[in-house]
Amino acid sequence: MNALLKKSLIVTLAAAGAPAVFGEPPKAAPDKPAPARSQFVMPANVREGRDPFFPESTRVYEDNPASKHPLDETSFAIKGISVQHGRTMVIINNHTFGLGDQDEGEVLTITGRVHIRLVEIRANAVVIEVNGSRRELSIPPSLGTK
């Protein structure tokens, strides 16, 4: 009876994947490979890649320093100026500014949207602040205040 019990135990252990010989050491589990890490590189232009959900969007290139152009004097233009009720308003590119409650905003330039702050409106120039630096924009003679 002891032999029958031993044979049934060997068959049961073999079916479970245990070693056939009782004195044999268990097999070591194979080492797991290291998990793969994804690396994403922001494209600098359309040839390097684009947003799969919005393929016509240029948003992915806007924050890339390689795609940014420096702002020069031609980036900002005074489009209009007016004085109403003693308050002077000026239009820079696409945005109307006035000292007080409307002295900050974003304007469209050839490099994208730029946040500027109106510092001062003079008789012949407008002083703005862009990225911490001040610039003086000349008011064209055709737009002079009256």
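A search for C-beta distances below 8 Å between a residue of the stretch 41-54 that is under 20 Å from residue 111 (Cα atoms) and any residue that is part of a loop (DSSP other than H, G, I, E, B) and of a type in the set (Lys, Arg), counting only pairs 6+ apart in sequence or on different chains, returns 43/50. Select, from 54, 22, the only residue that is modelled with pLDDT of 70 or more, in a loop (DSSP other than H, G, I, E, B) and outside the structural domain of residue 111 (by TED's automatic domain parsing). When all the criteria are applied, what remains is 54.
The values are calculated or read from the model by the stated rules, or taken from the named source; none is laboratory data. Note that this is a predicted model, so its numbers are computed, not measured. When we count neighbours, we look across all protein chains shown, and the Cβ atoms used for this are built from the backbone with ideal geometry, even at glycine.
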